[in-house]
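Worksheet: the structure to be examined is printed underneath.
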Amino acid sequence: MADSTPQAMPQEAAPISEPPPAAEPLKTSTDSGNGAVKFASRKVCVYYGEKQALFDVDLDVLKNKVTALIGPSGCGKSTYLRCLNRMNDTIPICRVTGEISLDGVDIHSKAVDVVHLRARVGMVFQKPNPFPKSIYDNIAYGPRIHGIASSKGELDDIVQSSLEKAGLLKEVHDRLQEPGTGLSGGQQQRLCIARAVAVEPEVILMDEPCSALDPIATARIEELIDELRENYTIVIVTHSMQQAARVSQRTGFFHLGELVEFGETEQIFTNPQDERTQGYITGRFG
Amino acid sequence: MQTAILAVTLAVLTIIGFYMGRSRSVSVAAGNLRRLHSLPGYYGYYVALWCGIPAFAVLATWLSLETTIVETLVIASLPETTQALPESRLNLLINDIRNLASGNIVSREVDPELQAAAERYQSLRQTGFLAAAAVTLSLAIAGLAWGRRLIGPGLKARNQVETVVRVFLIVSSTIAILTTIGIVLSLLFEAIRFFALVSPLEFLFGLKWSPQTALRADQVGSSGLFGAIPLFSGTLLISFIAMCVAGPAGLLSAVYMSEYAHPRMRAVAKPILEILAGIPTVVYGFFAALTVAPFFRNTGAGVGLEISSESALAAGVVMGIMIIPFVSSISDDVITAVPQAMREGSYGLGATRSETIRQVIIPAALPGIVGGFLLAMSRAIGETMIVVMAAGLAANLTVNPFEAVTTVTVQIVTLLIGDQEFDSAKTLAAFALGLMLFCVTLCLNVIALHVVNKYREQYE
Ligand SMILES: Nc1ncnc2c1ncn2[C@@H]1O[C@H](COP(=O)(O)OP(=O)(O)O)[C@@H](O)[C@H]1O
Ligand SMILES: [Mg+2]
């Protein structure tokens, strides 16, 4: 039944063979001269059954930058984020139109396997959701299903370095075999980040990763995001404008399913062009 | 008949009480219902309860005591010599008196003495009934008047009605619990009587089961052997086969239903699967005996295997089909209870659906699934009809599924069928077997429920 030895399993997904992010063989447009575009979306609309949740969103996510998505709740931030790794495919009634490309390749094209896509685009959820397994197995889960490690030693190394990158190693190095669900909320969320990092993604999507955490754990995660930016592209949904201002370089403001304004974080917060943005960041609504 | 009319009259009075109470409270409120403590309906129930409870209580008491009282009085009026008869003869006599009074056939010559007694019996009953009717009716009317008088703005009718309702509910549930305790105790006492005749060691560890006891002292061969091991092993063998069928089929169909099936497919397939649980077991029984068993025997003959026509295999397979719905509906519940966040976490790492199911969902749901298996197992062990029809009576001690075996339940049935002396070892053995069965299924159920609950807590 439950097979915990990955070696014995047939591998459905071939090991990821995408080029490392450093090499850029694919065509990429540059936007505002600020860096390479990782994700480019054009006219993205999302429907839940009859109801339209997103309207013609055009948004470019830049490489090695933190992009924050803000807006009142229910405005479609999560919906947009979940388009980027095609997580919306798991909702039967959900339909996505428009074009989203990752490194210039349409993620909805036949050539893209959603399993590969999700390995390249990791996700961290609002509520920490470690699997009911040991800390070690939580992190080894992704590498095992993608066949990243060829030996036990290599897997150990991946687990160690992922925990290190998520800033959790010091706290848990002597109890890797204990259940991940036994950690504190903040530790669980960092475990989930380590779990995502272990698959060596290029992009990490975070959906309100701190909303279930206390201020200290939040500060810890924000620090971590800043460190991760060096090697990963990060898109973070947050309902806290302070958080967006602290961690992001670029910010998009959503309202009622539309991307109202998108630009440099500093510009959005100091000199918003749209009066809805202004109203939101000065606290007049939302 | 008379009693039924009386009961209906009382019920009508009670209903009248309800309306009187309600209208009384409305008139007390004088147009402003907020002056009342409770809604008018509660005053209605309040009066109805005053009217109904004492009257029905007296009626019930009378009905339960009537026979005893009347018979005692009739016996007391009989001549001394008759009264001195032994108990069994006296009972026969009373029976005749009763029959004579109600115009049935009587087993002896009707002498004037008997005739007089019967008349006396009849008139006593009539008087008794009239008295009871008078008492209950006046109680009902008095209660009605009393309850109505008590109504005033300050009367906390709602609280009192709620109290009565609670007491009523407690009494109802106590009945169920007491009955269960009573059954267990009777099993226990009869089993103890059995163990006085046959040693528990022989019963639990004996390898031969042949419960025929000698009727005459000079009869040969039927000494009665009560070694229950062949029955236990037969039960386990059949249950094991059943679980081999139901476990995979139930679990896999639950996985399909909860993870793969389109909602529309699920809406159709789930009820169909549940129909399987609603088929009477006797239908499964003849399906097993008339269709499956011959099929297995013929197939076996075709490939050179000797399969008995009452094989453990046929009974086990059909029983397995019967318990598929148990396994699948419990597994389905626990799989659906695994939080969506687990699935998303796994998909988000690039896992496929089957990887997610195998490595995240099933492990997370495992305790609940195990609990479901245990419940299904206890169902299989206690199942009777299928094995009575398909498994046979031969108490073979074997693990070969192609042979005939017998089970605890089948033996209980055969031990008690037909006319039995109630205190022979043979009959009492049924109680000992029943007790064993009860203990095993109880343990399985307790463990299973414990496991399932523990698992539920994990995600609350
Ligand atoms: N699974 C779903 N089914 C139907 N409607 C949904 C679903 N998820 C989100 N929505 C709708 O889409 C809109 C945007 O939701 P969401 O993206 O979750 O907002 P946000 O994350 O900004 O709070 C909301 O109106 C919500 O009701
Ligand atoms: Mg959201």
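The values are calculated or read from the model by the stated rules, or taken from the named source; none is laboratory data. Because the structure is a prediction, the values reported are computed rather than measured. Neighbour counts run over all protein chains shown; Cβ positions are idealised from the backbone, glycine included.
If A:LEU191 satisfies all but one of (1) hydrophobic (A, V, I, L, M, F, W, C); (2) within 22 Å of the chain's Cα centre (by Cα); (3) at pLDDT 90 or above; (4) surrounded by fewer than 22 Cβ atoms within 10 Å (Cβ to Cβ), what's the number of the condition it fails?
(4)
I'd like to know if segment A:59-77 contains one or more residues that are within 15 Å of ligand 2 (Cβ to nearest atom), of a type in the set (S, T, N, Q) and surrounded by fewer than 21 Cβ atoms within 10 Å (Cβ to Cβ).
Looking through segment A:59-77, at least one residue is within 15 Å of ligand 2 (Cβ to nearest atom), of a type in the set (S, T, N, Q) and surrounded by fewer than 21 Cβ atoms within 10 Å (Cβ to Cβ).
For segment A:38-57, which positions are touching a residue at least 40 places away in the same chain (Cβ under 8 Å) and within 8 Å of ligand 1 (Cβ to nearest atom)?
A:VAL46, A:TYR48, A:GLY49, A:ALA53, A:LEU54
Specify which of the listed residues (B:GLY368, B:GLY350, B:GLY392, B:GLY372) is within 14 Å of chain A (Cβ to nearest Cβ) and not in a helix (DSSP H, G or I).
Only one candidate passes the filter, namely B:GLY350.
So A:PHE131 clears everything in (1) buried (at least 16 other Cβ atoms within 10 Å of the Cβ); (2) facing chain B (nearest Cβ under 9 Å); (3) within 14 Å of ligand 1 (Cβ to nearest atom) except one condition, right? Which one?
Only one criterion in (1) buried (at least 16 other Cβ atoms within 10 Å of the Cβ); (2) facing chain B (nearest Cβ under 9 Å); (3) within 14 Å of ligand 1 (Cβ to nearest atom) is unmet by A:PHE131, namely (3).
For B:VAL303, are the conditions met, namely being modelled with pLDDT of 85 or more, under 16 Å from B:VAL388 (Cα atoms) and in the same structural domain as B:LEU236 (by TED's automatic domain parsing)?
no
Taking segment A:87-127 on its own, how many of its residues are in contact with a Cys (Cβ under 9 Å, 6 or more places away or on another chain) and on the phi > 0 side of the Ramachandran plot?
1
Within segment A:135-216, which helices (runs of 4 or more DSSP H) (wholly inside it) include 2 or more residues that are of a type in the set (A, V, I, L, M) and within 12 Å of another protein chain (Cβ to nearest Cβ)?
Where helices (runs of 4 or more DSSP H) fall fully within segment A:135-216 and carry at least 2 residues being of a type in the set (A, V, I, L, M) and within 12 Å of another protein chain (Cβ to nearest Cβ), they are A:135-146, A:185-197.
Looking only at segment A:87-109, count every residue that is touching a residue at least 40 places away in the same chain (Cβ under 8 Å) and in contact with a strand residue (DSSP E or B) (Cβ under 9 Å, 6 or more places away or on another chain) and tell me the total.
14
Given the conditions (1) buried (at least 23 other Cβ atoms within 10 Å of the Cβ); (2) touching a residue at least 40 places away in the same chain (Cβ under 8 Å); (3) within 16 Å of ligand 2 (Cβ to nearest atom), report the number of the one that A:VAL199 does not fulfil.
Only one criterion in (1) buried (at least 23 other Cβ atoms within 10 Å of the Cβ); (2) touching a residue at least 40 places away in the same chain (Cβ under 8 Å); (3) within 16 Å of ligand 2 (Cβ to nearest atom) is unmet by A:VAL199, namely (3).
Got a sec? Which of B:GLY182, B:GLY147 is of a type outside the set (Asp, Glu) and in contact with a Gly (Cβ under 8 Å, 6 or more places away or on another chain)?
B:GLY147
Restricting to segment A:58-71, and then to whatever is within 12 Å of A:VAL237 (Cβ to Cβ) and more than 7 Å from ligand 1 (Cβ to nearest atom), can you tell me which residue is farthest from the other protein chains (Cβ to nearest Cβ)?
Ranking the qualifying residues of segment A:58-71, first place goes to A:ILE70.
I'm trying to understand the selection: among the residues of segment A:110-126, which are in contact with a strand residue (DSSP E or B) (Cβ under 9 Å, 6 or more places away or on another chain), part of a loop (DSSP other than H, G, I, E, B) and either among the small types (Gly, Ala, Ser) or away from every other protein chain (no Cβ under 14 Å) (or both)?
Correct list: A:ALA111 only.
Filtering segment B:329-347 down to residues that are over 23 Å from B:HIS450 (Cβ atoms) and surrounded by 23 or more Cβ atoms within 10 Å (Cβ to Cβ), which residue is farthest from the other protein chains (Cβ to nearest Cβ)?
Selected residue: B:SER346.
Is segment B:320-328 home to any residue that is crowded, with 20+ Cβ neighbours inside 10 Å and within 14 Å of chain A (Cβ to nearest Cβ)?
Within segment B:320-328, one or more residues are crowded, with 20+ Cβ neighbours inside 10 Å and within 14 Å of chain A (Cβ to nearest Cβ).
Residues of segment A:80-109 being outside any loop (DSSP other than H, G, I, E, B), within 14 Å of chain B (Cβ to nearest Cβ) and within 16 Å of ligand 2 (Cβ to nearest atom), which ones?
Of everything in segment A:80-109, those that are outside any loop (DSSP other than H, G, I, E, B), within 14 Å of chain B (Cβ to nearest Cβ) and within 16 Å of ligand 2 (Cβ to nearest atom) turn out to be A:LEU81, A:ARG82, A:CYS83, A:LEU84, A:MET87, A:ASN88, A:THR90, A:CYS94.
For segment B:19-37, enumerate the residues that are at pLDDT below 90 and either over 11 Å from B:ILE151 (Cα atoms) or touching a strand residue (DSSP E or B) at 6+ places or on another chain (Cβ under 6 Å) (or both).
Selection gives B:ALA30, B:GLY31, B:ASN32, B:LEU33, B:ARG34, B:ARG35.
Could you list all residues from segment A:201-218 that are more than 16 Å from ligand 1 (Cβ to nearest atom) and at pLDDT 90 or above?
A:PRO201, A:GLU202, A:VAL203, A:ILE204
So the check is Cβ under 6 Å with 6+ separation or different chains; which pairs have a first residue in segment A:66-86 that's β-branched (Val, Ile, Thr) and a second one that's near ligand 1 (Cβ under 7 Å from one of its atoms)?
A:THR79/A:ALA53
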